[in-house]
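**Q** Before anything else, here's the structure in question.
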């Protein structure tokens, strides 16, 4: 594949997605669709209407504000999507233990909601510990040792990036995670195929790169870079020695960092300038840690999610008791295909 396809800029109407358990989620401007591959090789698809917060509250769509809103929204949506995918696969059908039943009774919620809420809390704590507490501690130690703001800010930033790369490299060694990274690659290839107005088929999608400029991995690297630059200025203007005050300061500045980073990501993704290509390159290379080349079956899942997010569910397809559509082949999600059959 040519580098032009690999680093091409994206159309203004963005279709986003996420790899899930044995499948892919795609989000169009007005809907979210999740497609998962069950052990019997059928593809189960769930679709829900989606209304961005910026439509309900226009101020949330303003530049720099929308970045922080989008980060919070995607955190919640991402966890809910993972829960939905495990439910669609039947991974939560096991009989709860007595302790789980007792806990659910006491808290008044299903055990699946408790598990996901606990996972979300642990993920947040892990993120704060790894990417804020440790770098803040490094800054405090280096500052106490007499290092100037430029030195301890840059070294703290390098620590953040090193932790991020190390974490991604470590989790990629887990077989289930590596398989999810293949679905991540399928998501990117399918998005590229749609953006280039090609018919959504596994063969067409496979020719594209697994590296996409709007990927969340690229966003994380931009967040790290923006935080280094922002805290460099703030450390010069407002030096803080106390570790806990410094950590609190980092937490309070997170929405600002997210807001600026989102605008940078959008600007780079939609620009064809040489400078944009150069600045996009590090984020694209980071995705080599979080994406893998998918097989044809994974691309079929991604295509089903894309078709159903954009065009709705096939009306005549069989459904599960929950209302999810069951597809035997990805072509059944193609509106041209089932329109032709009904004509």
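Only the coordinates and a few stated rules stand behind these numbers; no lab work does. None of these values were measured; they are calculated from a predicted model. Cβ sites come from the backbone with ideal geometry, for glycine too, and all protein chains shown count toward neighbours.
**Q** Can you give the angle from 0 to 90° between the axis of helix 274-286 and the longest principal axis of the chain, with both taken from C-alpha atoms, to the nearest 10?
**A** It is inclined by approximately 80 degrees.
**Q** Checking a compactness column here: for the chain, what do you get for Rg(Cα) / (2.2 N^0.38 Å), N being the number of residues?
**A** Rg over 2.2 N^0.38 Å, computed on Cα atoms: 1.07.
**Q** Treat each spin label as a single point 7 Å out from the Cα along the C-beta direction, and report the residue 285 to residue 319 distance in nm.
**A** Taking the two extended label points, one gets 5.0 nm.
**Q** Would you mind checking the tilt of helix 98-107 against the longest principal axis of the Cα atoms of the chain, expressed as 0 to 90 degrees and rounded to 10?
**A** Compared with the principal axis, the helix lies near 70 degrees.
**Q** For the chain, find the longest principal axis of its Cα atoms and tell me its angle to the long axis of helix 134-144, 0 to 90°, nearest 10.
**A** 10 degrees
**Q** May I pose another question? Run the quick spin-label model on residue 236 and residue 128: label points 7 Å from Cα toward the beta carbon, then report their separation in nm to one decimal.
**A** Simple spin-label model gives 3.1 nm for this pair.
**Q** Please give the peptides 170-183, 31-44 ranked by average Cβ packing (other Cβ atoms within 10 Å per residue), highest first, as a rough proxy for protection.
**A** Averaged packing, sorted descending, gives the order 31-44, 170-183.
**Q** On to the next question. Please give the peptides 307-318, 124-135, 18-29 ranked by average Cβ packing (other Cβ atoms within 10 Å per residue), highest first, as a rough proxy for protection.
**A** 18-29, 307-318, 124-135
**Q** Also, I was wondering about something else. Just how far, in whole angstrom, is the stretch 314-329 from the stretch 13-50 if you go by their alpha carbon centroids?
**A** 14 Å
**Q** Which peptide among 259-265, 271-277, 147-153 comes first, and what is the full order, when sorted by highest mean count of other Cβ atoms within 10 Å?
**A** Ranked by mean Cβ neighbours within 10 Å, highest first: 259-265, 147-153, 271-277.
**Q** OK, next. If I stretch the segment between residue 199 and residue 274 completely, what's the gain in nm (0.36 nm per residue apart, minus their alpha carbon distance), one decimal? Write out the running numbers ahead of the final one.
**A** Working: separation 75, 0.36 × 75 = 27.00 nm, distance 2.92 nm.
Additional length available on full extension: 24.1 nm.
**Q** How many angstrom lie between the Cα centre of the stretch 253-271 and the Cα centre of the stretch 154-219?
**A** Taking the Cα centre of the stretch 154-219 as reference, the centre of the stretch 253-271 is 19 Å away.
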